[in-house]
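The values are calculated or read from the model by the stated rules, or taken from the named source; none is laboratory data. Note that the structure is predicted; figures quoted are calculated from it, not measured. Here the Cβ positions follow ideal geometry from the backbone for every residue, glycine too, while neighbour counts run over all protein chains shown. Accessible surface areas use protein heavy atoms only, side chains included; no ligands, DNA or RNA. Shrake-Rupley method; radii C 1.70, N 1.55, O 1.52, S 1.80 Å.
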Amino acid sequence: MPKARRGPLATSQGWYSSVTPGAGAAVTVAVRLGLRMPQALEQADSGWAWVVLLATLVSQGLTLGFPTCIGVFFTELQHDFQASNSETSWFPSVQLAVLHAGGPLCSILVERFGCRVTSMLGGVLASLGMVAGSFSHTLSQLYLTAGFITGLGMCFSFQSGITVLGLYFIRRRALANALASAGVSLGITLWPLLSLYLLEDLGWRGAFLVFGGVLLHCCVCGAILRPVATDRALETREVPLLPPKTPALGCLAVCGQTIQRHLAFDILRHNVRYCVFTLGMTWMIMGFPLPHVFLVPYATWHGVDEQRAALLISIIGLSNIFLRPMAGLVANQRAFAKHRKYLFCLAILLNGLTNLVCAVSADFRVLVGYCLVYSVSMSGIGALMFQVLMDLVPMDRFPSALGLLTTLEAITILISPPLAGFLLDTTNNFSYIFYMSSFFLISAALFMGGSFYSLQKKEQQGRQAKEEGARVEAAPERGHTLEGKDSPEKQLCPEIMYVTSV
């Protein structure tokens, strides 16, 4: 048995490589992502991967699907705290912002403790935040408890699940992401109905207390996320071992390395496509969450019954349960693999155009039709968003790339609902909110689609110029000189090459 190397990975990598050939890189990857080394690691694309997929589906339903039910409590919270639309809008804004901004902290915890522990910690925090929020007496207390603490816990749970899902699935990764995102649809369907039922019987405080118990199920989902070993899921360079004696780094240098590792600014500088995707997504988020927050108040403002208004969100969620797996099947086809980013931009464009329809009429039948069409575009966005990001960056940098993306998104999420609430207070017209949403979505789709296309054309032209230059340089070398029989002059006779496509 070869001698184990001295270094941080010597113990775990040495014995595992001797048992499983070619597993050293897999262990390196697992340790870099903070996956602790048990006696036996799960393999990618194995049977347990589908159990992890189910856990991730439920976790996304509990976390990402939850903010859609806040609209059910919007009017009740506004009356209870005697607050304006803008002040009340800060509650879902803080929760959504922290849910996204906690990405870098989640990346650090995943690297240090693993996906399983981080996800379970998130379930505990989300539960404690909702329980404490049920005893809030001011909006500021609600921002801190049900907003900040619950949002941070949800971030830990859902991002850990997404990270480990990308390691468990290699061949069917696009389909797995789409199926997992169907959990969001399930949450969108069930959370508003449960919220309406609990609000009528227990009030918003009793409902938040029950939500605290429901969110504890994130701990169960996190316990299923066993560490995974794969030498195909991540293409990464092995971490160089530090020399025995290294000079101590200063505080600023350590902070700089930490930020570089967990916020992926190096990828943002050197990967143009990731830069385009990040900027486009950050701009898009200014408009994307607004229908989820204001659709129910918009319907009730125009005389729709509260139960029927809450049913609109459930229609969106129920439709997405079936549409997202279909979107994943399409995206998983080899013919569409190179065009996923364009399909994603098309879904964003359709989403923005759909919001214009909602702004025209508040009739219940029109709103039902709006929800159905909106579900088609939303399913495409949900099924492709993380898969497009995985296509743009290496999987070993996915946690940090996702952390930077969600941090930037958190800034716009924090601004968007209060800005829309201020617009509503100023104009007293809900239609301007949907116009605002459409503007950000349509402009983001055009920016990303046009940028991706121009980059692709530029790369094609660069490759063609490179191939042309290589052919020109190689032509004299492939020719040979022949001396004619009747003339002392030399003729250059190029070789004839026949190229066939396979």
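Data overview
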read-out: Flag for L404 being at pLDDT 80 or above, open to solvent by less than 10 Å² (accessible area, probe 1.4 Å) and more than 30 Å from Y298 (Cα to Cα); value: yes
read-out: Matching residues, region 52-66, being open to solvent by 10 Å² or more (accessible area, probe 1.4 Å) and in contact with a His (Cβ under 9 Å, 6 or more places away or on another chain); value: V58, L62
read-out: Residue check, E495 at pLDDT 55 or above and exposed (fewer than 10 other Cβ atoms within 10 Å of the Cβ); value: no
read-out: Qualifying residues in region 343-363 (those that are assigned to a helix (DSSP H, G or I) and open to solvent by 40 Å² or more (accessible area, probe 1.4 Å)) - the one farthest from G102 (Cα to Cα); value: V360
read-out: Any hit, region 293-304, residues being modelled with pLDDT of 90 or more, open to solvent by 10 Å² or more (accessible area, probe 1.4 Å) and touching a Ser or Thr at 6+ places or on another chain (Cβ under 9 Å); value: no
read-out: Within region 410-460, considering residues that are of a type in the set (G, A, S) and surrounded by fewer than 18 Cβ atoms within 10 Å (Cβ to Cβ), the one modelled with the lowest pLDDT; value: S431
read-out: Spans of helices (runs of 4 or more DSSP H) in region 1-117 with at least 1 residues over 26 Å from L408 (Cα atoms) and either at pLDDT below 60 or among the β-branched types (V, I, T) (or both); value: 10-19, 24-32, 47-63, 70-80
read-out: Given (1) at pLDDT 85 or above; (2) among the aromatic types (F, W, Y); (3) in contact with a strand residue (DSSP E or B) (Cβ under 9 Å, 6 or more places away or on another chain), number of the condition Y168 does not satisfy; value: (1)
read-out: Qualifying residue in region 276-290 (condition: modelled with pLDDT of 80 or more, under 20 Å from the mean Cα position of the chain (by Cα) and open to solvent by 60 Å² or more (accessible area, probe 1.4 Å)); value: yes
read-out: From M154, M130, M120, residue being within 14 Å of the chain's Cα centre (by Cα) and in a helix (DSSP H, G or I); value: M154
read-out: Matching residues in region 183-201 - criterion: being out of contact with any Phe, Trp or Tyr (no Cβ under 8 Å at 6 or more places or on another chain) and open to solvent by less than 10 Å² (accessible area, probe 1.4 Å); value: G183, S185, I188, P192
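Residue by residue, here is whether (1) of a type in the set (A, V, I, L, M); (2) outside any helix (DSSP H, G or I) holds:
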site: S160; (1), (2): no, no
site: V164; (1), (2): yes, no
site: I170; (1), (2): yes, yes
site: L196; (1), (2): yes, no
site: E200; (1), (2): no, no
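Yes/no matrix, rows are residues, columns are (1) of a type in the set (A, V, I, L, M, F, W, C); (2) open to solvent by less than 10 Å² (accessible area, probe 1.4 Å):
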site: L139; (1), (2): yes, no
site: T150; (1), (2): no, yes
site: G153; (1), (2): no, yes
site: F156; (1), (2): yes, yes
site: Q159; (1), (2): no, yes
site: V164; (1), (2): yes, yes
site: F169; (1), (2): yes, yes
site: R172; (1), (2): no, no
